[in-house]
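To start, the structure under review is shown below, and the notes come after it.
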Amino acid sequence: MSDTISFPLKQSDIPTHWYNILPDFPEPLPPPLHPGTKKPVTLEDMTAIFPENIVMQEMSPERYIEIPEPVREIYALWRPTPLLRAVRLEKALNTPAHIYYKYEGVSPGGSHKPNTAIPQAYYNKQAGTKRLTTETGAGQWGSSLALGCQLFGIECVVYMVKVSYHQKPYRKMMMHTWGASVHASPSSNTAYGRSVLEKDPECPGSLGMAISEAIEDAVKSKNTKYSLGSVLNHVCMHQTVIGLECLKQMEMAGESPDVVIGCVGGGSNFAGIAFPFVKEKIAGKTNCRIVAVEPALCASLTQGELRYDFGDTAETTPLMMMYTLGHNFMPPKIHAGGLRYHGMAPTVSHLAKLKLIDAVAVAQTKAFESAVLFARTEGIIPAPETSHAICAAVDEAIKAREEGKKRVILFNFSGHGMMDLSSYDSFLAGHLQNA
Ligand SMILES: *Cc1c(COP(=O)(O)O)cnc(C)c1O
């Protein structure tokens, strides 16, 4: 009898509630501060850019929050997502470890990001928002929000980091297909964008700058709100559908993970798979290691400082307590565009501080080596971001071989790489910076 490699759930297994980690922290999370007064932000501060229903969720003390039925109906287009066991990868590594991966690449956007884009569009629609602005790097988030807005009938305006706008045109085409308008950031659309262009007309842009532009647009325009694709509590919470499904699927597999792994940019897909396991860990039901994997060239958890910092370059967001490389840090142009962010979600930072999770940094060439090994054994071509998680899973599997111990490894496969094939081209041609 061959090994079972697939653990499918039914539509009725889509979680009915998201898991909110805030009430389970052994120490309370330091609150976000107003950038001017340095006092904890109030509901009124936040509703300048977010609708009230989302702000309430951001600050909610409830452990479980019900997923609205219209959101679950859209989730059903691709959820529950597959949990697979990578037996061909195990064999290639000659490891006694069992490697499981949760495949989030089956969403229309190709990554985990629609898990939060859909509810964010839904709540904005409920609150009467007519137009949503956001930023995007390589375009995974912008395209996901474009889809969410399209499904709920909201206009979507995306500020896309200029270098990606020109180098990675396909996700811009996805955004257009789903009805969004896209500006290359820095743009002449906002006062902040114009001020940057005046100093440096060739500025390639950054996520921090694009956030500043999107917020300025939202504050200055009628019936317009802003949406963020990672970092914030409610975003991380929406992603917990990933880990909640995994708990059921690992039970079907009859195993429980010794190590749970996710790559981290702003921290949301990691939070999604990790938080439900952190809950079990805090409750003493598991002693698994939980590992966040970041790129060596933008390593906020392993090389940053834990302090209050801004989420954007123009210093308009609330100050958040997080591991940060500094809000003016210009990340190198690594291919994992989704991991090029200077800070880390406050919830993920807090878990790192409390030593409930570990962090490792991985060089991008090593990540691509693992990605190619994965593609050649398991078939799926991973997103460059995901390849960081794969790399850590492979390292764990090799360690298990060396120690001659069985180990159960679970990682989040955050997205496929079919829109990022040019980075495989660079890697295979030997053109990637070895860092
Ligand atoms: C955006 C993205 C990431 C990083 O963002 P997080 O908020 O840290 O999850 C990782 N993987 C993929 C495929 C992405 O699109």
Query - Residue check, Leu43 in contact (Cβ under 8 Å) with a residue 60 or more places away in the chain and among the aliphatic types (A, V, I, L, M) - result: no
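Please determine whether any residue of region 290-309 is in contact with a Pro (Cβ under 7 Å, 6 or more places away or on another chain), hydrophobic (A, V, I, L, M, F, W, C) and over 25 Å from Asn434 (Cα atoms).
Keep residues of region 290-309 that are in contact with a Pro (Cβ under 7 Å, 6 or more places away or on another chain), which gives 297-298.
Subsequent filtering for residues that are hydrophobic (A, V, I, L, M, F, W, C) retains 297-298.
Those left that are additionally over 25 Å from Asn434 (Cα atoms): none.
No, the conditions are met nowhere in region 290-309.
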Query raised in the report: Restricting the search to region 253-284, which residues are within 13 Å of the chain's Cα centre (by Cα) and among the small types (Gly, Ala, Ser)?
Result: Gly262, Gly265, Gly266, Gly267, Ser268, Ala271, Gly272, Ala274
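Show me the strands (runs of 3 or more DSSP E) found entirely inside region 318-435 where at least 2 residues are farther than 24 Å from Tyr165 by Cα, modelled with pLDDT of 95 or more and of a type in the set (Gly, Ala, Ser).
358-362
Within region 251-309, restricting attention to residues that are in a helix (DSSP H, G or I), under 26 Å from Tyr64 (Cβ atoms) and small (Gly, Ala, Ser), which residue is farthest from the ligand (Cβ to nearest atom)? Explain how you work it out, then say what you get.
Of the residues in region 251-309, the ones in a helix (DSSP H, G or I) are 251-253, 268-282, 296-298, 300-303.
Checking the rest, the ones that are also under 26 Å from Tyr64 (Cβ atoms) come to 251-253, 268-282.
If we keep only those that are small (Gly, Ala, Ser) as well, we get 253, 268, 271-272, 274.
Values: Ala253: 24, Ser268: 3, Ala271: 8, Gly272: 7, Ala274: 11 Å.
Per the criteria, the residue is Ala253.
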**Report entry** Conditions (1) more than 16 Å from the ligand (Cβ to nearest atom); (2) touching a residue at least 24 places away in the same chain (Cβ under 8 Å); number of the one not met by Ser107
**Finding:** (1)
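Here is a yes/no grid of residues against (1) under 30 Å from Asp358 (Cα atoms); (2) crowded, with 23+ Cβ neighbours inside 10 Å:
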{"residue": "Gly193", "(1), (2)": "no, yes"}
{"residue": "Asp200", "(1), (2)": "no, no"}
{"residue": "Ile215", "(1), (2)": "no, yes"}
{"residue": "Ala253", "(1), (2)": "yes, no"}
{"residue": "Val260", "(1), (2)": "yes, yes"}
{"residue": "Cys263", "(1), (2)": "yes, yes"}
Report task. Restrict the check to region 314-325 and report whether at least one residue is in contact (Cβ under 8 Å) with a residue 40 or more places away in the chain, among the acidic types (Asp, Glu) and within 16 Å of the ligand (Cβ to nearest atom). Result -> no
Report task. Quick one: count up the residues across region 212-237 that are within 16 Å of the ligand (Cβ to nearest atom), within 23 Å of Gly153 (Cβ to Cβ) and in a loop (DSSP other than H, G, I, E, B). Result -> 3
Report task. Identify the single condition in (1) surrounded by fewer than 24 Cβ atoms within 10 Å (Cβ to Cβ); (2) more than 16 Å from the ligand (Cβ to nearest atom) that Thr129 does not satisfy, given that it satisfies every other one. Result -> (1)
Report summary line: Over region 355-379, the set of residues within 20 Å of Gln239 (Cβ to Cβ) and either over 18 Å from the mean Cα position of the chain (by Cα) or small (Gly, Ala, Ser) (or both) is Leu356, Ala359
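Checking the condition closer than 30 Å to Lys405 by Cβ, surrounded by fewer than 18 Cβ atoms within 10 Å (Cβ to Cβ) and out of contact with any His (no Cβ under 7 Å at 6 or more places or on another chain), which residue from Val87, Val106 passes?
Details: Val106 fails: closer than 30 Å to Lys405 by Cβ.
None of the others qualify; the one that does is Val87.
The values are calculated or read from the model by the stated rules, or taken from the named source; none is laboratory data. Model, not experiment: these values are computed from the prediction. All Cβ positions, glycine included, derive from the backbone under ideal geometry; neighbour counts span all protein chains shown.
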